[in-house]
1. Suppose we keep only residues that are without any contact (Cβ under 8 Å) to a residue 24 or more places away in the chain and over 25 Å from the mean Cα position of the chain (by Cα) within segment 164-192. Which one would you say is surrounded by the most Cβ atoms within 10 Å (Cβ to Cβ)?
2. May I ask you to list the residues in segment 193-220 that are under 18 Å from the mean Cα position of the chain (by Cα) and either of a type in the set (Asp, Glu) or closer than 30 Å to residue 142 by Cα (or both)?
3. Sort out which residues of segment 224-253 are free of Cβ contacts under 8 Å to residues at least 24 places away in the same chain, over 13 Å from residue 266 (Cβ atoms) and in a strand (DSSP E or B), and write them in order of number.
4. Does segment 211-223 include one or more residues that are part of a loop (DSSP other than H, G, I, E, B), at pLDDT below 85 and surrounded by 13 or more Cβ atoms within 10 Å (Cβ to Cβ)?
5. Looking at segment 130-167 only, could you name the residues that are under 16 Å from residue 90 (Cβ atoms) and either among the polar types (S, T, N, Q) or not in a strand (DSSP E or B) (or both)?
6. Only one of (1) surrounded by fewer than 18 Cβ atoms within 10 Å (Cβ to Cβ); (2) over 24 Å from residue 104 (Cα atoms); (3) in contact with a strand residue (DSSP E or B) (Cβ under 8 Å, 6 or more places away or on another chain) fails for residue 156. Which number is that?
7. Would you check which residues across segment 234-267 are among the polar types (S, T, N, Q) and in contact with a strand residue (DSSP E or B) (Cβ under 7 Å, 6 or more places away or on another chain) and list them?
8. Kindly indicate the residue of segment 242-263 that is of a type in the set (A, V, I, L, M, F, W, C), at pLDDT 95 or above and surrounded by fewer than 12 Cβ atoms within 10 Å (Cβ to Cβ) and also farthest from the chain's Cα centre (by Cα) among those meeting that condition.
Amino acid sequence: MKSPTAFWLSVKSLLPGQVKKYTGKIKVLNLSIILLSLFLISCQKEMQNLIIPAKSNGNTLKSVTICETPLIAAQNITAGTVTSTFNAAGNQLTITYSTLNTGYCLTETHLDVEINPANFPQANSGNPKVNQFAYGANLGCETAWTQVVDLNTVSGWSLGDTVFIAANAKVKKIPGGTKEAWGQGLPFPSNNWAMYFFCLQPSCGNPFTDSRDGKTYNTVQIGDQCWFKENLNVGTRINGVQEQTDNSVIEKYCYADLESNCDIYGGLYQWH
């Protein structure tokens, strides 16, 4: 899987990264040490914790951890995703709605971020008042919308707090009618199906388990950043003569096309 264009954190590698030519045409990086983002694990089963490799620049490696939850339309249709990314300082949250490759587009968005779900604008019945949410936009028919949230503006927020996110949208089938959609998570205390989800920042120094494959990595605090002690090894191995493609599958190379080498040295990834 090629790395999507996203919000990247830039950090210095602990050991010099080694960029090599693979089969004469594919530049790959031997991931000497991979950054573990301090900033997000979702405890909801539907969410995925993603560590996305990106382009290397000398000894600089860029990666992020993204909290991702489905964007559910009409209660049972997956119309896209909502992703949330903390910045390096932990005081800014970038939230992106995407309906790419679903046949839907966004026509309207409403977004609110709180440290207590009771703080979401809502009626006495518990129904959320989306028109009073802090952020939103009227869109023509877009497949993506992004909002950067300064967490210092969220009432009562302190560094390291779990944040709760209510992500509402109107989505339109192409062609077709408009449906209401919510980022999947926990229900509001009402009779409708409105939902909110949460993201938290894990403590560095504790082992991190990648929910995609169950592998566990030890972590270490260096300055104000958190690093993996081991090389990242995630994805399905493909042979070095193949190109890594944008096919919703995380793909990797291993030295000599041997999975055992990935177990020892970590995976090799191609970036553009």
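1. Step one: list which residues in segment 164-192 are without any contact (Cβ under 8 Å) to a residue 24 or more places away in the chain, which gives 175-177, 187.
Now drop any that are not over 25 Å from the mean Cα position of the chain (by Cα), which leaves 175-177.
Details: 175: 6, 176: 10, 177: 8.
The extreme case among them is 176.
2. 196, 197, 198, 199, 200, 210, 212, 213
3. Residues of segment 224-253 that are free of Cβ contacts under 8 Å to residues at least 24 places away in the same chain, as a first pass: 236, 238-239, 242, 252.
Subsequent filtering for residues that are over 13 Å from residue 266 (Cβ atoms) retains 236, 238-239, 242.
Of everything in segment 224-253, just one residue is free of Cβ contacts under 8 Å to residues at least 24 places away in the same chain, over 13 Å from residue 266 (Cβ atoms) and in a strand (DSSP E or B), namely 236.
4. Checked against the condition, which is being part of a loop (DSSP other than H, G, I, E, B), at pLDDT below 85 and surrounded by 13 or more Cβ atoms within 10 Å (Cβ to Cβ), segment 211-223 yields at least one hit.
5. 151, 152, 153, 154, 156, 157, 158, 159, 160, 161, 162
6. Answer for residue 156: the failing condition is (3).
7. From segment 234-267, those among the polar types (S, T, N, Q) are 236, 239, 242, 244-245, 247-248, 260-261; that's our starting set.
Selection gives 236, 244.
8. 256
The values are calculated or read from the model by the stated rules, or taken from the named source; none is laboratory data. What you see is a predicted model, and the numbers here were worked out from it, not measured in a lab. Neighbour counts are summed over all protein chains in view; Cβ atoms, including those assigned to glycine, are modelled from backbone coordinates with ideal geometry.
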